[in-house]
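The structure appears below as structure tokens.
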Amino acid sequence: MADKTATGTAQGLTAEEKSALKERVKEARAERSGKTDGEAAVIEKIAEMSEPDRTMAERIHEIVKASAPSLTPKTWYGMPAYAKDGKVVVFFQSAGKFQSRYAMLGFNDTANLDEGAMWPTTFALWELTPAVEKKISALVKQAVS
């Protein structure tokens, strides 16, 4: 008998993971065809989120655009993301995306966050306070520096 995951399904991809992969395939096709409006796609994905993820995603979208206007909005596995030269630097993962207890702000390896031999690249988000927003802005600026 196959091992079971916490969700009770046989080992492999969850329904949420399969959905994210399907979204990535659609995104890649749209990018190759040149028929993509990243800003509109990000706004659409944010609108689909439930609260409090939607409010956090809207604010993060504003912070990223103000902190790093050189980044291009796009979706990435169905998540709002921001790219430099086509490569995702930062992304927002809603708690609802993979049924997590908190949302996450993540940075890919293209982000300039290197600090010694080990550094954080993903941050749990419970709420956006002024201090958290200030930290996000600083991280995004550093990521594209």
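Summary table
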| quantity | calculated |
| --- | --- |
| Enumeration of residues in region 27-67 that are in a helix (DSSP H, G or I), closer than 17 Å to Trp126 by Cα and among the charged types (D, E, K, R) | Asp53, Arg54, Glu58, Arg59 |
| Search result, residues across region 95-116 that are more than 20 Å from Lys134 (Cα to Cα) and touching a helix residue (DSSP H, G or I) at 6+ places or on another chain (Cβ under 7 Å) | Ala95, Gly96, Lys97, Phe98, Gln99 |
| Test result for Gly12, under 28 Å from Ala138 (Cβ atoms) and either touching a residue at least 60 places away in the same chain (Cβ under 8 Å) or not polar (S, T, N, Q) (or both) | no |
| Filtered residues of region 18-53 (kept if hydrophobic (A, V, I, L, M, F, W, C), at pLDDT 85 or above and either over 26 Å from Thr72 (Cβ atoms) or surrounded by 14 or more Cβ atoms within 10 Å (Cβ to Cβ) (or both)) | Ala20, Ala41, Val42, Ile43, Ile46, Met49 |
| Any chance Lys74 is buried (at least 19 other Cβ atoms within 10 Å of the Cβ), under 15 Å from the mean Cα position of the chain (by Cα) and not in a strand (DSSP E or B) | no |
| Selection count where residues are in a loop (DSSP other than H, G, I, E, B), over 9 Å from the mean Cα position of the chain (by Cα) and either aromatic (Phe, Trp, Tyr) or closer than 20 Å to Met49 by Cβ (or both), scope region 81-103 | 8 |
| Among the residues listed as Thr72, Thr55, the single one being closer than 17 Å to Glu27 by Cα and of a type outside the set (Asp, Glu) | Thr72 |
| Any hit, region 2-17, residues being touching a strand residue (DSSP E or B) at 6+ places or on another chain (Cβ under 6 Å), in a loop (DSSP other than H, G, I, E, B) and modelled with pLDDT under 95 | yes |
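The values are calculated or read from the model by the stated rules, or taken from the named source; none is laboratory data. Keep in mind the model is a prediction, meaning the values are calculated, not measured. Cβ: placed from backbone, ideal geometry, glycine included. Neighbour counts: every protein chain shown.
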